[in-house]
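Written out below as structure tokens is the structure these notes cover.
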Amino acid sequence: MAFVRSIREQYPDAGHHCFAYRLGAGDDGFRVHDDGEPGGTAGQPILNHIDGAALTNIVIVVTRYFGGTKLGKGGLIRAYGGTAGVAIAAGEILEVREMQSVLVRCEYSDQGTIEGVVRSVGATVTASRFSTDVTLTIAVPTEHVFDVQTRLTNATAGRVVWLT
């Protein structure tokens, strides 16, 4: 809502600042607002474009100045939804994944096996320390931490040691 307020402050003379946001998948964390336009003609069409692009953690504000032409409900739906669609198409979409750092110790002979499992789930080794054994810091997508622990334990016949 702070972002929406900042747009209102940036364009205080505009007639409408309609918006939609989606913070998570499904029915959790979304809101639409028509800002005085007829119900369902602004916020929902914006949200439809957000959902059509399968985006989350996004807010779109469409600011409209009245130009003297009455658009009607259909025109408003096309104007707000179309503007959201153009903004999505023109924007850079970034995938952001929540990661958890895990620290493991293994034998040199298991390092290749561990790194193969790590890559297969979209994780990365972010640091390595070599001494009498190997200590790896691994950035793992949060949703795969349990899977990585299970797979690494199985792949190394239990030789991997979890330090965190």
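The values are calculated or read from the model by the stated rules, or taken from the named source; none is laboratory data. Please read all numbers here as calculations on a predicted model, not as lab measurements. Virtual Cβ from ideal backbone geometry, glycine too; neighbours counted across all protein chains shown.
Observations on the structure shown:
- Of all residues assigned to the stretch 18-34, none qualifies as being part of a loop (DSSP other than H, G, I, E, B) and of a type in the set (Ser, Thr, Tyr).
- Residues that are farther than 29 Å from PHE146 by Cα, modelled with pLDDT of 90 or more, of a type in the set (Phe, Trp, Tyr) and not assigned by TED's automatic domain parsing to the domain that holds ALA155 do not occur anywhere in the stretch 66-74.
- Residue in the stretch 117-152 that is farthest from the chain's Cα centre (by Cα), counting only those that are closer than 14 Å to CYS106 by Cα and β-branched (Val, Ile, Thr): THR132
- Selection count where residues are of a type outside the set (A, V, I, L, M, F, W, C), in a loop (DSSP other than H, G, I, E, B) and either touching a Phe, Trp or Tyr at 6+ places or on another chain (Cβ under 6 Å) or without any contact (Cβ under 8 Å) to a residue 40 or more places away in the chain (or both), scope the stretch 1-17: 2
- Scanning the stretch 1-38 for residues that are surrounded by fewer than 10 Cβ atoms within 10 Å (Cβ to Cβ) and over 23 Å from VAL96 (Cα atoms) turns up GLU9, PRO12, ASP13.
- Test for THR56: is it of a type in the set (S, T, N, Q), closer than 30 Å to ARG5 by Cα and either surrounded by 14 or more Cβ atoms within 10 Å (Cβ to Cβ) or in contact (Cβ under 8 Å) with a residue 60 or more places away in the chain (or both): yes
- Filter result (assigned to a loop (DSSP other than H, G, I, E, B) and in contact with a strand residue (DSSP E or B) (Cβ under 9 Å, 6 or more places away or on another chain)) within the stretch 46-64: LEU55, THR56, ASN57
- Residues of the stretch 95-117 satisfying the condition of being surrounded by 15 or more Cβ atoms within 10 Å (Cβ to Cβ), of a type in the set (A, V, I, L, M, F, W, C) and over 15 Å from LEU163 (Cβ atoms): MET99, VAL117
- Within the stretch 121-164, being free of Cβ contacts under 8 Å to residues at least 12 places away in the same chain and among the basic types (Lys, Arg) holds for one residue alone: ARG129.
- Test for GLU107: is it touching an Asp or Glu at 6+ places or on another chain (Cβ under 9 Å) and not assigned by TED's automatic domain parsing to the domain that holds HIS49: yes
- For VAL117, the stated conditions hold: it is within 30 Å of SER128 (Cα to Cα), in the same structural domain as ALA155 (by TED's automatic domain parsing) and at pLDDT below 95.
- Taking the stretch 18-61 as the range and being over 15 Å from the mean Cα position of the chain (by Cα) and farther than 16 Å from GLY81 by Cβ as the test, the residues that pass are ASP27, ARG31, GLY36.
- Long-range neighbours under 8 Å by Cβ, at least six apart or interchain, first residue in contact (Cβ under 8 Å) with a residue 60 or more places away in the chain within the stretch 18-37, second in a strand (DSSP E or B) and surrounded by 21 or more Cβ atoms within 10 Å (Cβ to Cβ): CYS18/VAL61; CYS18/VAL62; ALA20/ILE60
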